[in-house]
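Undergrad: The structure's right below; bear with me while I get my questions together.
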Amino acid sequence: MAKITENDRYAYHEKVKIYTAMTKSLLDTEKSLMSEVQKNLADAPLLRMTLADEMLNLTSNYVAINGISQTVLRTKNEEALNDARKSIYKAVIYLEEVVSSYIDVPFSDYEERLAAIESFDENQRYLLIRKMGFAIDMLEQAYGDNSKWRWTFVELEGRFATVAKNIVDLRSAYANSGPESPFYDSTVYHLRLIKKLLAQSADRYREKYELSTGQMHDFKTGIAYLGALRRLHIVLAESEDAEAIKKKLNIWTVKLETDLKKQEEAKKRL
């Protein structure tokens, strides 16, 4: 790696000044909003939606700082990337506090939570979820393929898939899927994205189980995401897709039971 000169450092600090100022502003905004959450419980869910959005702005800010570092100093800014990772987790957590972190449960289990954000319409919800997905993609690309955080992103992507699903009012989704609805495009694209994310999370958790941890918890979580995908297909009256996922679920469940038996037999031999 080429030596970093004083001119390089000066150029870097000059270029990141605006992002440093924005970082401070965004962190101050977070503190102010959190104070409002404590004072105004009735508006807390909507305030947390705003908090999630601001944390995504903060994530983009940190990723930009890393980009400047790579361009000017020819090296990654690990501190900025770690701060970006923390801020995007905050964004996910703020949404989980509003819509729940339930993976494979009936809509009725978290339906009441959505009543508190009724004024946040489907167009806004879809845009927020798209923004979160874009921020996660940016961060993964910034870290690179060989990052030590590779498997950590499986959990982050899974939690993202969960809030992307839970933020949708499934009771109105079917009606909004009609061309006459003002939320037609957002609803159709949002549902399409959820299906993709749930399938991807299922596959990624199984990959993590088989290539990294060997932990049954990871495999079971992958199965839970498949179950959530099948449940969504059933709600949307997509019977053929639901049946296809059911077959995959059965295959995975048999594999899980077989692996569990192998583990138990291995323990007995110790």
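Just so you know, all these numbers are worked out from the coordinates, no wet-lab data involved. Everything numeric in this text was worked out from a predicted model, so none of it was measured. Every residue, glycine among them, receives a Cβ derived from its backbone with ideal geometry; neighbour counts consider all protein chains shown.
Undergrad: Among L256, L56, L33, determine the one that fluctuates most according to a GNM of the chain built with springs between C-alpha atoms less than 10 Å apart.
TA: The residue with the greatest mean-square fluctuation here is L256.
Undergrad: Determine ³J(HN,Hα), in whole Hz, for all residues of the range 13-19 in sequence, where each value follows from phi through the Karplus function 6.51 cos²θ - 1.76 cosθ + 1.60 and θ = phi - 60°; x replaces Gly and Pro.
TA: Computed from phi, the couplings for the range 13-19 are 5, 5, 6, 8, 3, 5, 6 Hz.
Undergrad: Could you calculate the contour length gain from K220 to L33, that is, 0.36 nm times the residue separation minus the distance between their Cα atoms, to one decimal place in nm?
TA: Separation in residues times 0.36 nm, less the Cα-Cα distance, equals 63.7 nm.
Undergrad: Take peptides 83-91, 128-136 and line them up by average Cβ neighbours within 10 Å, highest first, as a rough protection proxy.
TA: 83-91, 128-136
Undergrad: For the cross-link pairs K31/K195; K15/K165; K208/K246; K148/K246, which exceed 31 Å when the distance is taken from alpha carbon to alpha carbon?
TA: Over 31 Å apart, Cα to Cα: K31/K195; K15/K165; K148/K246.
Undergrad: Can you tell me the mean projection area, over all orientations, of the convex hull of the chain's alpha carbons? Units nm², please.
TA: Mean shadow area of the hull around the Cα atoms is 18.7 nm².
Undergrad: To the nearest 500 deg cm²/dmol, what mean residue ellipticity at 222 nm is calculated for the chain from DSSP H runs of n ≥ 4 alone, each contributing -39,500 (n - 2.57), summed and divided by the residues?
TA: Calculated at 222 nm, the ellipticity per residue is -26500 deg cm²/dmol.
Undergrad: Convert each backbone phi in the range 186-200 into a coupling constant with the Karplus relation 6.51 cos²θ - 1.76 cosθ + 1.60 (shift: θ = phi - 60°), then list the ³J(HN,Hα) values in order as whole Hz, x for Gly and Pro.
TA: 4, 5, 4, 5, 5, 4, 4, 5, 4, 4, 4, 5, 5, 5, 5
Undergrad: Take the Cβ-Cβ distance between N82 and D259 as r, set R0 to 25 Å, and report the resulting FRET efficiency rounded to the nearest 0.05.
TA: 0.15
Undergrad: What spacing in nm lies between the two simple spin-label points modelled at T5 and N123, each 7 Å away from Cα in the Cβ direction?
TA: With each label placed 7 Å out from Cα toward Cβ, I get 5.2 nm.
Undergrad: Let me ask another. At 0.36 nm per residue, minus the direct Cα-Cα distance, what do D109 and D43 gain on full extension? Give it in nm, one decimal, please.
TA: 21.6 nm
Undergrad: Give me K262, K268 sorted ascending by neighbouring Cβ count inside 10 Å, so fewest comes first.
TA: Ascending Cβ contact count within 10 Å gives the list K268, K262.
Undergrad: Another question, if that's okay. Taking amide H positions as placed in the peptide plane 1.01 Å from N, state which residues far from D121 in sequence (5 or more) or on other chains have amide H under 5 Å from it.
TA: When sequence neighbours closer than 5 places are left aside, there are no close amide H contacts.
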